[in-house]
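Visitor: Structure incoming, see below.
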Amino acid sequence: MIAKLDELRAKAITELDGIDKPSDLEAWRIRYLGRKSALTQILRGLAALSLEEKRATGAAANELRAFLEKSLALREEAVRDSVIARAIEGGRLDITLPGRSPALGRLHPTTQMLRQVCNIFMTMGFEVVEGPDVEWEYYNFDALNIPQDHPARDMWDTLWMDFTTEDGRRPMLLRTHTSPMQIRVMESRRPPVRVIVPGKVYRYEATDATHEAMFYQIEGFAVDRNITLADLKGTLFEFAKRLFGEERRVRFRCDYFPFVEPGVEMAIDCFLCDGAGCQLCSGSGWIEILGAGMVHPEVLRRVNYDPEIYTGFAFGLGLERMLMLKHGIEDIRLFYSNDLRFLRQF
Ligand code: FA5
């Protein structure tokens, strides 16, 4: 057996020394080190040998395997060098040209902003929780005081999953906002709760400079004893100041959302025209970035929180709109059109 191994070694090395093409090296590797090679067969057959034979042949075969692997690596290096040398000689490779630097990846601007916003709220004591993009109709609408046929459903048209339950309902959809997570979180814990929920939302939307069909929202809500609208305003003022700087102006106005009472919207003065009115802000001087309000008592009751004891505020902000404000971006569609000239700027 040992003689056979020696013979194999001599044959393999003679062949290897004559190889000068990478493809021949691979064929050699398969022939001498591959699964069906004589050496592998010998190693596999060791179990059938006597203890003494096993010891001698096993050691020699393993030594040969290591030797062949090392010889192959050395030959690969030599072949590579000679291929390069031939290419330089033949004028196919010019090593005086500057090298190509590898492209460096980075985080998408919305991911950067998402992390920044989450960090601000985390320093204010909010916990980050995530929820499903595909949501039950109940959480997206009914539990938030938006029953079937309620006109508010028109504000949030979306894509429905293509299946119906046995009783003929279409219960699943792509969530239109992150507010369903208010219900999911409150169902699973008792007050006090102070949570933010970042995530994608979807709408059946005719896109324009400020509307996308898929965008990010961050929901935030706090429920405890004695929480008032002043806490909501204080929290959001502080947030806006930290994100946009002291000089940006903030406006609160009444708004309607069925799951809050009272409801408000918060806007920031338009970065493009500094509040004078332009195409981006539809001439108003303001860009709305979030909806908010005090959690509706009916919503609290639905999750078994006593509205006589507990109150809370909630808000839902649009991440891309805030990015537009922060960087002076005029069209929301730039974020997801994958133009690297745009994305590389962040
Ligand atoms: C809502 O989605 C409510 N769930 C917000 C809320 C939460 C209210 C908690 C009260 C309490 P609205 O549809 O206005 O509200 O969307 C919230 C924010 O998402 C908007 O202020 C805006 O910044 C952003 N937004 C809305 N539609 C789009 C869109 N098509 N493209 C990009 N951003 C959008």
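Visitor: Quantify how much of the Cα-Cα distance distribution of region 304-346 extends past 15 Å, in percent.
Guide: Percentage above 15 Å: 58.
Visitor: So what's the gap between the Cα centers of region 34-113 and region 199-258, to the nearest angstrom?
Guide: 57
Visitor: Okay, moving on. Given charges of +1 on the Cβ of Lys and Arg and -1 on the Cβ of Asp and Glu, with all other atoms neutral, how large is the dipole of region 1-157 about its Cα centre, in debye to the nearest 20?
Guide: 1300
Visitor: Which one, Leu174, Gln112, Phe315, is farthest towards the positive end of the dipole of region 109-343 when Lys and Arg carry +1 and Asp and Glu -1 on their Cβ?
Guide: With unit charges placed on the Cβ atoms, the residue in question is Gln112.
Visitor: Is region 109-343 rounded, prolate or oblate when judged by the Cα gyration tensor, a ≥ b ≥ c being the square roots of its eigenvalues, rounded requiring a/c under 1.5 and prolate requiring a/b larger than b/c?
Guide: oblate
Visitor: Report the FRET efficiency, 1/(1 + (r/R0)^6), for Lys70 and Lys4, where r is their Cβ-Cβ distance and R0 is 30 Å, rounded to 0.05.
Guide: Working from the Cβ atoms, E equals 0.90.
Visitor: When the chain is fully extended, how far beyond the present Cα-Cα distance does Gln116 get from Gln41, taking 0.36 nm per residue of separation?
Guide: Net length gain for the segment: 21.0 nm.
Visitor: Here is a follow-up. What 222 nm value per residue comes from the helices of the chain, counting each DSSP H run with n ≥ 4 as -39,500 (n - 2.57) and dividing by all residues, nearest 500 deg cm²/dmol?
Guide: About -12500 deg cm²/dmol.
Visitor: Lone cysteines in the chain, going by a 4.7 Å Cβ-Cβ cut-off?
Guide: Cys118, Cys254 - these cysteines have no disulfide-compatible partner (Cβ-Cβ under 4.7 Å) in the chain.
Visitor: Right, here's the next one. If you stretched the chain out fully between Asn62 and Val134, how much longer would it get, using 0.36 nm times the residue separation minus the C-alpha to C-alpha distance?
Guide: Result: 20.3 nm gained on full extension.
Visitor: For Asn304, what charge total do you get from the other residues with a beta carbon under 15 Å from its beta carbon, if Lys and Arg give +1 and Asp and Glu give -1?
Guide: It works out to a net charge of +1.
Visitor: While we're here: Once you sort the root eigenvalues of the Cα gyration tensor of region 105-210 as a ≥ b ≥ c, which label holds: rounded (a/c under 1.5), prolate (a/b larger than b/c) or oblate (the other case)?
Guide: Oblate, because a/c is 1.5 or more while a/b does not exceed b/c.
Visitor: Using the charge dipole of the chain (Lys, Arg: +1 at Cβ; Asp, Glu: -1 at Cβ; taken about the Cα centre), state which of Tyr139, Leu290, Leu16 has its Cα farthest towards the positive end.
Guide: Of the listed residues, the answer is Leu16.
Visitor: Would region 163-284 count as rounded, prolate or oblate if I go by the C-alpha gyration tensor, calling it rounded below 1.5 in a/c and otherwise prolate when a/b exceeds b/c, oblate otherwise?
Guide: oblate
Visitor: Next up: Determine, for each peptide in 97-106, 126-135, the mean count of other beta carbons within 10 angstrom over its residues, then list the peptides with the highest first.
Guide: Per-residue Cβ counts within 10 Å, averaged per peptide and sorted highest first, yield 126-135, 97-106.
Visitor: Expressed in nm to one decimal, what extension gain is obtained for the pair Ile95 and Arg55 from 0.36 nm per residue of sequence separation less their Cα-Cα distance?
Guide: 9.2 nm
Visitor: Something else about it: Local charge sum around Leu243 (other residues, Cβ-Cβ under 13 Å, Lys/Arg +1, Asp/Glu -1)?
Guide: +3
Visitor: Let me ask something else. Dipole of region 2-89, Cα-centred, from +1 at each Lys and Arg C-beta and -1 at each Asp and Glu C-beta, to the nearest 20 debye?
Guide: 420
Visitor: What are the lysines whose alpha-carbon lies under 25 Å from the alpha-carbon of Lys241, with same-chain residues fewer than 8 places away excluded?
Guide: Lys200, Lys233, Lys326
Visitor: So, for the chain, what is the accessible surface per residue at a probe of 1.4 Å, expressed in square angstrom?
Guide: Accessible surface, normalised per residue, equals 56 Å².
Visitor: Also, I was wondering about something else. Dipole magnitude of region 207-251 about its Cα centre, charges +1 at Lys/Arg Cβ and -1 at Asp/Glu Cβ only, in debye to the nearest 20?
Guide: That gives a dipole near 240 debye.
The values are calculated or read from the model by the stated rules, or taken from the named source; none is laboratory data. What you see is a predicted model; the values in this text were computed from it and never measured. Cβ atoms come from the backbone with ideal geometry, glycine included; neighbour counts cover every protein chain shown. The accessibility values were calculated without ligands, DNA or RNA, using every heavy atom of the protein model including side chains. Shrake-Rupley method; radii C 1.70, N 1.55, O 1.52, S 1.80 Å.
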